[in-house]
Amino acid sequence: MGDVAAAAGVSKTTISRYLHGEFGYMSEQTKAKIEGVIKELGYRPNKMAQSLKATVSHMVGVSIADMGNPFSSLLIKGIQEECRARDVQLLVSDSNNQPTLERANIESLLDAQVDGLIVNTVGNNDDWLVRFHDRANRKPVVMLDRIVLPLIYDSVTNNNDAAVREMLEYLKGQGFAYVVFVMRPGEGISTRTARRQAVERYCDDLGLGGEVLVYDDGIDGLRSRIANLLELCGNRKTCLFANNDESMRDILEATSAGLRRRVGVCSFADEHWAKYSGPGITCLDQEPMLMGRRAAQKLFARIYDGSEEPCSLDEVPARLCIFASTEI
């Protein structure tokens, strides 16, 4: 900052006022001079340092459950688009599916003086998040994809219940008689619980046979369980319905191309991944970039636009994309 002040022939206080948008006592000539010097020197203000002196840092933090999941990268991309439009810096932390790491990430982001947080929780952390809500030093929070119930934070997720029903109605129309919902353990994870309950309810409502296959024993274990299950299904037209992209890939690895000519596969998954997987996998695209943008918009309304509305839940509709995997 000192170099900019010297080159512009003004004080560091004037430079600080310029950087914070305080132009009340600044001439147009001085503003233009400072702008030109900043461009010439390529000066970039240290937002971390600025935040220590300001009540608003123009930084937001994001805690992501698993950065290795392609779905997560699209959530972040959507958030980043909104941050760029508002000139807000984004700090991202990966929780690696560990509740303890998620808690540490949130504390670290608070220490960095962020104005607010977007949390894509790992699950099994609701008790801590409820206690965090009552802390004096907490900042506004938006829950993304996975949420805390009862609703105490602004939240953005999919219309999981309606999306599951739409998929099951489509499968019934395709002549499927039995649906197997394939998922990893979902205790404490709101999306997995909601989808599982919806599958069980709507299979019953629609007169479809069905069950939930929860696996955590690797590809070989999944392969064996699918084979045993299909043997029990006999001649009933059966579809394997994956909870997410990861379970979809596990199903594809655990089944042969020959088997998939006799058994349907569908999933909650990104359309651009699903259509190039196997024969093209019928999917419910969750619109993760839109979800990320919506979460950022809700957060900015709280921290920058003065919203004091009660916390609310936005459900982004999943989009049914039909490919060859269910046309058997």
query = Just wondering, is there one or more residues in the range 259-275 that are in contact with a Phe, Trp or Tyr (Cβ under 9 Å, 6 or more places away or on another chain), closer than 29 Å to P150 by Cβ and at pLDDT 95 or above?
reply = yes
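Report whether or not S224 is at pLDDT 95 or above, surrounded by fewer than 16 Cβ atoms within 10 Å (Cβ to Cβ), more than 17 Å from V164 (Cα to Cα) and not hydrophobic (A, V, I, L, M, F, W, C). Show your work before the answer.
Numbers: at pLDDT 95 or above: yes; surrounded by fewer than 16 Cβ atoms within 10 Å (Cβ to Cβ): yes; more than 17 Å from V164 (Cα to Cα): yes; not hydrophobic (A, V, I, L, M, F, W, C): yes.
Yes; evaluated as a whole, the condition is true for this residue.
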request  = Quick one: which residue in L206, L168, L149 is among the hydrophobic types (A, V, I, L, M, F, W, C) and farther than 27 Å from R294 by Cβ?
outcome  = L206
message = I'd like to check something: does the range 101-110 contain any residue that is under 21 Å from N243 (Cβ atoms) and free of Cβ contacts under 8 Å to residues at least 60 places away in the same chain?
response = yes
inquiry  = Please go through the range 283-315 and give me each residue that is surrounded by fewer than 22 Cβ atoms within 10 Å (Cβ to Cβ) and touching a Leu at 6+ places or on another chain (Cβ under 7 Å), ordered by number.
reply    = M289, C311, L313
Enumeration of residues in the range 106-162 that are closer than 15 Å to S95 by Cα, among the hydroxyl-bearing types (S, T, Y) and surrounded by 16 or more Cβ atoms within 10 Å (Cβ to Cβ) = T121
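Got at least one residue in the range 265-274 being in a helix (DSSP H, G or I) and free of Cβ contacts under 8 Å to residues at least 12 places away in the same chain?
Residues of the range 265-274 that are in a helix (DSSP H, G or I), as a first pass: 271-274.
When the remaining residues are screened for being free of Cβ contacts under 8 Å to residues at least 12 places away in the same chain, the result is 272.
Scanning the range 265-274 turns up at least one residue that is in a helix (DSSP H, G or I) and free of Cβ contacts under 8 Å to residues at least 12 places away in the same chain.
Look at L259 and say whether it is at negative phi and not assigned by TED's automatic domain parsing to the domain that holds M143. I'd like the intermediate steps shown before the answer.
Working: at negative phi: yes; not assigned by TED's automatic domain parsing to the domain that holds M143: yes.
Yes, satisfied.
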task = Determine which member of the set E200, E231 is within 22 Å of Q286 (Cα to Cα) and in the same structural domain as M248 (by TED's automatic domain parsing).
result = E200
remark   = Filter the range 69-100 for residues that are hydrophobic (A, V, I, L, M, F, W, C), out of contact with any strand residue (DSSP E or B) (no Cβ under 8 Å at 6 or more places or on another chain) and surrounded by 14 or more Cβ atoms within 10 Å (Cβ to Cβ); the one that is farthest from N124 (Cα to Cα) is L74
note = Residue set G173, G207; condition farther than 24 Å from K275 by Cβ and surrounded by fewer than 22 Cβ atoms within 10 Å (Cβ to Cβ); output residue G207
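The values are calculated or read from the model by the stated rules, or taken from the named source; none is laboratory data. Keep in mind it's a predicted model, so treat the numbers as computed, not measured. Every residue, glycine among them, receives a Cβ derived from its backbone with ideal geometry; neighbour counts consider all protein chains shown.
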